[in-house]
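No value in this document is a laboratory result; all are computed from the given coordinates. On a predicted model such as this, the values are computed, not experimentally measured, just so you know. As a convention, Cβ positions derive from the backbone with ideal geometry for all residues, glycine included, and neighbour counts pool all protein chains shown.
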Amino acid sequence: MDKVFGLVHGLGFSNFLQSLLGQEESLLVPLLAFNVGLEMGQLVIVSLILGIGTLLQFLKIPEKWWQTAVLLLTVVFALLLIKEKWLF
């Protein structure tokens, strides 16, 4: 089942990318640039989260407090995404 999902996901992405690039002859460079950018963004986010977690532990902030704060931020972010997707 995972392979079917991956195939459908990949085909959808390739169609979307082709529609963005138009008549570009080679997809290699734009696809590589997109993937490198995506990975760099993920590394920045993970680094920020690890840095903030380390700082919170260093400041001896109770774990329950920052877990609650992260939960609330996640809920707010999810609600904003839902609002953007379905209300506009």
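In plain terms, the chain from E39 to L80 could stretch by 12.4 nm, reckoned as 0.36 nm per residue minus the Cα-Cα distance. Across the range 35-41, computed HN-Hα scalar couplings (Karplus, 6.51 cos²θ - 1.76 cosθ + 1.60, θ = phi - 60°) run 5, 5, x, 5, 5, 5, x Hz from first to last residue, x flagging Gly and Pro. Could you work out how far helix 63-86 tilts from the main Cα principal axis of the chain, as a 0 to 90 degree angle to the nearest 10? Rounded to the nearest ten degrees, it is 30. Diffusion of the chain by Stokes-Einstein, at 4 °C in a medium of 1.567 mPa s and with Rh set to the Kirkwood radius over alpha-carbon pairs, works out to 76 µm²/s.
Annotation note: trypsin sites (Lys or Arg not before Pro) in the range 7-88 located in DSSP loop regions with a Cβ neighbour count of at most 10 within 10 Å are K60. Counting only lysines at least 8 places from K60 when in the same chain, there are none with an alpha carbon closer than 24 Å to its own. Bridging of K64 to lysines at a Cα separation below 29 Å is possible for K83, once same-chain residues fewer than 8 apart are set aside.
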